[in-house]
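Take a look at the structure below.
Just so you know, all these numbers are worked out from the coordinates, no wet-lab data involved. Note that the structure is predicted; figures quoted are calculated from it, not measured. No Cβ is skipped: glycine too gets one built from the backbone with ideal geometry, and neighbour counts run over all protein chains shown.
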Amino acid sequence: MPSFQRHVFVCINERAPDHPKGCCKQRGGGDVRDRLKAELTARGLSKVIRANNAGCLDQCEYGVTVVVYPEQVWYGHVTVADLPEILDALAAGRVVERLRIPDEKLTGRAHPAAGKSS
């Protein structure tokens with residue numbers, strides 16, 4: 001059984017074309033997922049990073065939404081063109097801040113550690 005270090009979930013949820021929230025599928029979620037899988041294979045990472053389909057991640061306004069586990073890093077407005085940068089960041093243990101959905105946007109409130117300095 002493979003032991004993946006990370007799982008990358010790509011929302012491919014589909015809603016009616018006239019839905020006010022829109023959906024990740026209409027914004028290219030399937031293309032992002034397919035290209036992510038191809039990039040992982042091309043980079044020899046498909047045995048350690050698993051690309052997964054996701055239904056609605058409840059972040060429609062940020063679609064295409066991608067989330068990386070176990071780090072729990074959420075990305076929004078992801079396009080196929082963003083994938084090399086995301087994969088480079090994963091390999092280096094970094095986050096692509098320009099795409100990151102802030103915690104307070106995910107939960108509707110600030111993260112408990114927000115504003116604390118060490």
Residue-averaged 222 nm ellipticity for the chain, from DSSP H runs of 4+ at -39500 (n - 2.57), nearest 500: -7000 deg cm²/dmol
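Nearest 20 debye, what's the magnitude of the dipole of the chain about its Cα centre given +1 on Lys and Arg Cβ and -1 on Asp and Glu Cβ?
220
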D (Stokes-Einstein, µm²/s), Kirkwood Cα radius, the chain, 1.306 mPa s at 10 °C: 107
The range 50-69 and the range 19-49: distance between their alpha carbon centers, rounded to Å: 9
Contour excess over end-to-end distance, with Cα ends at R43 and A81 and 0.36 nm allotted per residue: 12.1 nm
Count of Lys pairs (Cα-Cα under 22 Å; at least 8 positions apart or interchain) in the chain: 5
Free-standing Cys residues across the chain, given no other cysteine C-beta under 4.7 angstrom: C23, C56, C60
Highest-MSF residue in the chain out of C60, C11, C23 [GNM, Cα springs under 10 Å]: C60
Of all DSSP beta bridges in the chain, antiparallel share, percent nearest 5: 55
